[in-house]
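Novice: Here it is: the structure, laid out below.
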């Protein structure tokens, strides 16, 4: 039986692996893709991770993975299909084998909802972004567009407007579903232009984003907006389908867990973007990994 099994090899999972080995725990990380680093690998530049300004996402994710390997963390490339809890034993079912552990840390993260329009995938990381707080600084004194109508989209538009010359806020309805205070700020920010009843059709550009094509759903009028960046804020969804009925989750499927990362099931923890939290960033995911192992060590010592 393993002391600690971590599901997911993003910043939260790798951080947990490092802290787990340093705590003297027999530690295994299961990662379906077989590549450590998680979503950070697809980020062109990371400019807000302390001490490493301007590092590429690929380099940062690779360094985290190499650090975990250097600490002696073991890895298994497999898909997790389910977890069973039998007293103090957790059985992790994978596509390759069944593993028993005293503690499980779930760090499978969350993925951004995509629009599915032409150019979105091709220009991801080259002007198409899903995180304004991560990438907004690269678009200072430039023109950007935000797509969405909830709190995140409103906050992104406000955030970008502080540094961009102009921000288009594109929403498919004629009113926002976000908080009224945020709506008021958006409407009173001079360099934010709201396009109601509008949806995106495609993103264009050769080596980087150059334009966003949109149309009005009521008038069917089409427009081509000359922009340098497109920020998509239409929600995220956690990777927790295999956990239904195992741990308590909110209505969106995020695992209910606080700063100690403890779920409602003793010995099962959630770290990183997969858990209920206000801010989902690389730095908060890494800190979750450390907190989860601290909680897990206390649990193991109590057995």
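The values are calculated or read from the model by the stated rules, or taken from the named source; none is laboratory data. Just so it is clear, the structure is predicted and the values come from calculations on it, not from any experiment. So basically every Cβ, Gly included, is an ideal-geometry build from the backbone, and we count neighbours across all protein chains shown.
Novice: Considering 69, 29, 35, which residue is assigned by TED's automatic domain parsing to the domain that holds residue 272 and surrounded by 17 or more Cβ atoms within 10 Å (Cβ to Cβ)?
Specialist: 29
Novice: In region 187-227, what residues are buried (at least 16 other Cβ atoms within 10 Å of the Cβ) and in contact with a helix residue (DSSP H, G or I) (Cβ under 6 Å, 6 or more places away or on another chain)?
Specialist: 189, 192
Novice: In the list 245, 267, which residue meets the criterion of being at pLDDT below 95 and in the same structural domain as residue 39 (by TED's automatic domain parsing)?
Specialist: 245
Novice: Would you pick out the residues in region 250-262 that are without any contact (Cβ under 8 Å) to a residue 24 or more places away in the chain, under 26 Å from residue 87 (Cβ atoms) and touching a strand residue (DSSP E or B) at 6+ places or on another chain (Cβ under 7 Å)?
Specialist: Once the filter is applied, which keeps residues that are without any contact (Cβ under 8 Å) to a residue 24 or more places away in the chain, under 26 Å from residue 87 (Cβ atoms) and touching a strand residue (DSSP E or B) at 6+ places or on another chain (Cβ under 7 Å), region 250-262 yields 256, 257.
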